[in-house]
Amino acid sequence: MNTTSVIKTYAKVGIESGVSAADPHKLISMLYQGALLAVANAKNSILKKNIPARGSAISKAIAIIDEGLNASLDKSVGGELVQNLSSLYKYMSMRLLTANLKNDMDALDEVARLLNDLKDAWESIRQPNAVAATSTNMQKTSQKLLRPEGAGLAMPAETQPTTGLESAPAQQNAVNKKIQLAYGRGK
């Protein structure tokens, strides 16, 4: 058995074990991390001029965003936040398609920044008294979408997401509840 095969098998078992032991909050974090890794692999493939690997990595990132993150939103209770996150995920998928068609590193960088902001906001939910930071991160992400850096593409006004969240301390519990409801974690 060659070393590469053993490493791949070990990594697969590690991921599968992590998924089976993870709570719903950790699973979303793992999806963000997987999407970020796929975007990084796509950037690396562009630099190496490896077109098949680029396409595969971008397809993986899109699948994680569409079939993982977007599909995990609880659209029946999440309200405006869920609609905004869904719009954001669709926008990221569009940017990834553009990156694939045009070898656009700026589009990949933009998606990576958005994913990082959302991942940071999501992970801050678990920390006590960090809901205001979550709200601020969500607002920053929406602002980036409204004025995307890089390729100059902007979403049409009717599809631009806004968080509708305020960072005032009195709103912390409501914000936390909205974010948890968005992913079906709240009651």
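The numbers here are math on the coordinates, done by the rules we state, and not lab data. No experiment lies behind these values; they were computed from the predicted model shown. Counting neighbours? That spans all protein chains shown, and the Cβs are built from the backbone with ideal geometry, glycine included.
Before moving on, here are some points about what is shown:
- Pairs spanning more than 21 Å between alpha-carbon atoms, out of K49/K90; K49/K119; K60/K119; K60/K102; K26/K48; K43/K75: K49/K90; K49/K119; K26/K48; K43/K75.
- Cα gyration tensor shape of the stretch 21-83, rounded if a/c is under 1.5, else prolate or oblate by comparing a/b with b/c: prolate
- Packing-based order for 102-115, 36-49, using average beta carbon neighbours within 10 Å, highest first: 102-115, 36-49
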